[in-house]
Amino acid sequence: MKLKEVDLYQPIQKYFKRKGYEVYGEVKDCDIAIMKEDLLIIVELKLNLSVDLLIQATKRQRLSEHVYIAVPKPKKHNPRSKKWRDTCHLLRKLELGLILVSFSEKRKRVEVVIEPTPFHRPISMGKAKYLRQAIIKEMNGRSADYNIGGSSRKQIMTAYRENCVQIACYLEKHGELSPKALVQMGTGKKTQSILSKNYYGWFIRIKRGVYILSEKGKQEIKEYPDLVAYYRQ
């Protein structure tokens, strides 16, 4: 049987009544209003998480700090998936609670996944400090903006790729060079690693500590004319 929003009401009603709350449906445009002493809880019901639901729920925060959204538990629910973790992060940032209602032949189960608690931005940023540092490091490793934001199929010019192009340009111009000589030209501390790992197949070691540019490298750096022109100056 296809679920309806009203099917969510009774399980949530029973859940909160067992905890000693008074529960009322459809109160002043609120799907569920719940009371215990001076505490007011509001629950908005929907069959799917959507932007409209988030807008509706955040509007209810004008009335109470304790606002939940309730949806049916997805059949293929994976709490470890990136999409689900990102969704939960958004709900926490909006300070909204989340209730999942699962339906089976024998019973209906209510699971409070997120409580509507204040979001602490400093704590959140502290947990992501390594990602922040990686973003800044990547930006500092690029000489200019060679990418178009929003691109999905086009090859992205990363700091690592640019460093490879830089080394390739110097080898093309000067011929045989050692990692030490390249570093003195400004190719950076990753030069030795880039040459030895040779991820793109652009470099050839002709003898110990000496490299040249491969034919593959000569052809493929032509795909980056702006960057090549910059390092040939």
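The values are calculated or read from the model by the stated rules, or taken from the named source; none is laboratory data. Keep in mind the model is a prediction, meaning the values are calculated, not measured. In this analysis, Cβ positions are derived from the backbone assuming ideal geometry, glycine residues included, and neighbour counts consider all displayed protein chains.
Go through (1) modelled with pLDDT under 90; (2) outside any loop (DSSP other than H, G, I, E, B) for ALA144 and report which single condition fails.
Of the numbered conditions (1) modelled with pLDDT under 90; (2) outside any loop (DSSP other than H, G, I, E, B), the odd one out for ALA144 is (2).
Looking only at residues in the stretch 222-232 that are among the hydroxyl-bearing types (Ser, Thr, Tyr) and in a helix (DSSP H, G or I), which one is farthest from GLU172 (Cα to Cα)?
The qualifying residue farthest from GLU172 (Cα to Cα) is TYR230.
Looking for whichever is in contact (Cβ under 8 Å) with a residue 24 or more places away in the chain and more than 29 Å from PRO122 (Cβ to Cβ) here; the options are CYS88, CYS30. Which one fits?
CYS30
Is it true that CYS30 is touching a helix residue (DSSP H, G or I) at 6+ places or on another chain (Cβ under 7 Å) and either assigned by TED's automatic domain parsing to the domain that holds VAL113 or small (Gly, Ala, Ser) (or both)?
For CYS30, the condition - touching a helix residue (DSSP H, G or I) at 6+ places or on another chain (Cβ under 7 Å) and either assigned by TED's automatic domain parsing to the domain that holds VAL113 or small (Gly, Ala, Ser) (or both) - is met.
Please go through (1) in contact with an Asp or Glu (Cβ under 7 Å, 6 or more places away or on another chain); (2) surrounded by 14 or more Cβ atoms within 10 Å (Cβ to Cβ); (3) within 30 Å of ILE34 (Cβ to Cβ) for VAL113 and return the number of the only condition it doesn't satisfy.
Checking VAL113 against (1) in contact with an Asp or Glu (Cβ under 7 Å, 6 or more places away or on another chain); (2) surrounded by 14 or more Cβ atoms within 10 Å (Cβ to Cβ); (3) within 30 Å of ILE34 (Cβ to Cβ), the one that fails is (1).
Filter the stretch 167-212 for residues that are without any contact (Cβ under 8 Å) to a residue 40 or more places away in the chain and in contact with an Asp or Glu (Cβ under 8 Å, 6 or more places away or on another chain); which is farthest from LYS137 (Cα to Cα)?
ILE206
For the stretch 19-41, does any single residue satisfy the condition of being assigned to a helix (DSSP H, G or I) and in contact with a strand residue (DSSP E or B) (Cβ under 7 Å, 6 or more places away or on another chain)?
No, that holds for no residue.
What pairs come up if the first residue lies in the stretch 106-126 and is in the same structural domain as ALA70 (by TED's automatic domain parsing) and within 18 Å of ASP7 (Cβ to Cβ), the second is in a loop (DSSP other than H, G, I, E, B) and modelled with pLDDT of 85 or more, and their beta carbons are under 9 Å apart, counting only those six or more places apart or on different chains?
Correct list of pairs: ARG109/LYS73; GLU111/LYS73.
For the stretch 45-68, give me each residue that is more than 23 Å from the chain's Cα centre (by Cα) and of a type in the set (Val, Ile, Thr).
Result: VAL67, single match.
Among the residues of the stretch 205-221, which ones are in a loop (DSSP other than H, G, I, E, B) and surrounded by fewer than 16 Cβ atoms within 10 Å (Cβ to Cβ)?
Result: ARG208, GLY209.
I need every pair where a residue in the stretch 56-74 that is in contact (Cβ under 8 Å) with a residue 60 or more places away in the chain has its Cβ under 6 Å from the Cβ of a residue that is of a type outside the set (Gly, Ala, Ser) and surrounded by fewer than 14 Cβ atoms within 10 Å (Cβ to Cβ), sequence separation at least 6 or different chains.
Once the first residue is in contact (Cβ under 8 Å) with a residue 60 or more places away in the chain and sits in the stretch 56-74, its partners that are of a type outside the set (Gly, Ala, Ser) and surrounded by fewer than 14 Cβ atoms within 10 Å (Cβ to Cβ) give PRO72/LEU3.
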